[in-house]
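Working notes, structure below.
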Amino acid sequence: MAGENPTASEYIQHHLQNLTFGNHPEHGWSFAHTAQEAKEMGFWAVHVDSLGWSIALGALFVWLFRKAAVKATSGVPSGLQNFVEIMVDFVDKSVKETFHGKNAVIAPLALTIFCWIFLMNLMDLVPVDFLPRLFQVVTGNEHAYFKVVPTTDVNVTLGMSLSVFFLIIYYSIKVKGVGGFLGELTLQPFGKWMLPFNLLLEGVGLIAKPISLALRLFGNLYAGELLFILIALMPLWVQWVLSVPWAIFHILVIVLQAFIFMMLTIVYLSMAHEDH
C-alpha cells in the first residue's frame, strides 16, 4: 500500500485516492504517483479506475439484458429472464405512477439509471483490499491507487446528474418553448412585479437539482466505503464481527440510493413536461 507498514491515516488516504491520468506540468502525460501529483494535473485529469469500472458495469448491464431479450421465451422462462422481467415491470410501474407526460425515452432511461447505479453501488460489497491488491500484483506496483466503487467519486455522480439536468432543460424548452421556460423562471411564484426575486428563487431551485442528485448518491456511498475501510484496519476477528452486519445493512443503502436517483429523475422530467 502506501508503505510497508502504513499508518491508519496513510491506509485510508491510499484507499480514497483514484488512479489518475493527466498532463503533469513536470512529467507530461502520465499516471499520478501521489495525491499531490494528481492535484497538480488540474481539471482535465481523468480518474481511470472510476471511468473504467463505470464503462465495464454499464457494458455488463447491456450484455445481461440483451442476453435475456435474445433468449426470451413465452414458455418456462429462465432465471435471468425472470429477473429482467421483474426489473422492467418494476421500473415501468414507477414511471406510470410518477411521469404524467408522453415520452418513450423516460422508461428506458429510468431502467438504465437504476440498474447502472445499482451495479456501481454493488462494488462496495467487494472486500476493500481484494481488487486493489490484485491490481497491484498485476501491475507490479505495490503503491498503485485503485478505487473500485465509481459512485464514491463525485465526478461520476455529478456527471450523471448533469446529464439528467441537460435533459430537464431540453424537455422544458421543447414542451413549453423558450418563452414558457423563461416565464417559469421569472414569473413564478410571485408574478411579474417580483421578477428578480422569482428568478433568484427559481434559478437556485433549478441548479440545486443536479447538485443534490450528485451529492446525495456520492455522500451515502462514500460514507459506506469509508466505514468498510475503517473496519479493515481492525483485527481480523473484529472485521468479521463488524463487516458482515454492516454489509447486510449496506445492501439496503445500495438499492435505496439507486431507487432514489431513478425516482427523482422521473419526477424532474415529469415536471419538465408540465406546461402551465
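The values are calculated or read from the model by the stated rules, or taken from the named source; none is laboratory data. The model shown is predicted, which means the values in this text are computed figures rather than measured ones. Neighbour counts are summed over all protein chains in view; Cβ atoms, including those assigned to glycine, are modelled from backbone coordinates with ideal geometry.
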- What is the number of the single condition among (1) surrounded by fewer than 16 Cβ atoms within 10 Å (Cβ to Cβ); (2) assigned to a helix (DSSP H, G or I) that LEU131 does not meet? (1)
- Exclusive hit being out of contact with any Lys or Arg (no Cβ under 6 Å at 6 or more places or on another chain), closer than 19 Å to ILE251 by Cα and modelled with pLDDT under 95, set PHE118, PHE83, PHE114: PHE83
- Message: Please determine whether any residue of the stretch 191-210 is out of contact with any Gly (no Cβ under 9 Å at 6 or more places or on another chain), in a helix (DSSP H, G or I) and within 15 Å of ASP275 (Cβ to Cβ).
- Response: no
- Query: Can you find a residue in the stretch 138-159 that is at negative phi, surrounded by 14 or more Cβ atoms within 10 Å (Cβ to Cβ), assigned to a loop (DSSP other than H, G, I, E, B) and small (Gly, Ala, Ser)?
  - Reply: yes
- Residue that is more than 30 Å from HIS47 (Cα to Cα), surrounded by 17 or more Cβ atoms within 10 Å (Cβ to Cβ) and modelled with pLDDT under 90, where the choices are PHE181, PHE190: PHE181
- Message: If ASP49 satisfies all but one of (1) of a type in the set (D, E, K, R); (2) in a loop (DSSP other than H, G, I, E, B); (3) in contact (Cβ under 8 Å) with a residue 40 or more places away in the chain, what's the number of the condition it fails?
- Response: (2)
- Task: Determine which member of the set GLY42, GLY22 is touching a Gly at 6+ places or on another chain (Cβ under 9 Å), of a type outside the set (A, V, I, L, M) and buried (at least 18 other Cβ atoms within 10 Å of the Cβ).
- Result: GLY22
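Residue-by-condition table, conditions (1) part of a loop (DSSP other than H, G, I, E, B); (2) at positive phi:
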| position | (1), (2) |
| --- | --- |
| GLU10 | no, no |
| HIS14 | no, no |
| HIS33 | yes, no |
| ALA38 | no, no |
| GLY42 | yes, yes |
| SER54 | no, no |
| GLY58 | no, no |
| TRP63 | no, no |
- Note on the structure: Considering the stretch 200-238, residues that are without any contact (Cβ under 8 Å) to a residue 12 or more places away in the chain and under 18 Å from VAL149 (Cβ atoms), and then whichever is surrounded by the most Cβ atoms within 10 Å (Cβ to Cβ), we arrive at GLY219
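Would you confirm, using the coordinates I've provided, whether ILE251 is closer than 26 Å to THR7 by Cα and either at pLDDT below 90 or in a helix (DSSP H, G or I) (or both)?
Considered against the rule, which asks whether it is closer than 26 Å to THR7 by Cα and either at pLDDT below 90 or in a helix (DSSP H, G or I) (or both), ILE251 comes out as no.
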- Go through VAL126, VAL148, VAL138 for me and flag whichever is within 30 Å of ALA38 (Cβ to Cβ) and over 25 Å from the mean Cα position of the chain (by Cα). VAL138
- Query: For the stretch 60-105, what are the residues that are among the basic types (Lys, Arg) and exposed (fewer than 13 other Cβ atoms within 10 Å of the Cβ)?
  - Reply: ARG66, LYS71, LYS93, LYS96, LYS102
- Query: What number of residues in the stretch 49-59 are surrounded by fewer than 11 Cβ atoms within 10 Å (Cβ to Cβ) and among the β-branched types (Val, Ile, Thr)?
  - Reply: 0
- Message: One residue is enough: does the stretch 90-101 have a residue meeting the conditions out of contact with any Ser or Thr (no Cβ under 9 Å at 6 or more places or on another chain), of a type in the set (Ser, Thr, Tyr) and at negative phi?
- Response: yes
- Item | Filtered residues of the stretch 70-118 (kept if over 12 Å from SER270 (Cβ atoms), assigned to a loop (DSSP other than H, G, I, E, B) and either touching an Asp or Glu at 6+ places or on another chain (Cβ under 9 Å) or touching a residue at least 40 places away in the same chain (Cβ under 8 Å) (or both)) | ALA72, PRO77
- Just one of VAL175, VAL164 is of a type in the set (Val, Ile, Thr), surrounded by 13 or more Cβ atoms within 10 Å (Cβ to Cβ), touching a residue at least 24 places away in the same chain (Cβ under 8 Å) and touching a Gly at 6+ places or on another chain (Cβ under 9 Å); which is it? VAL175
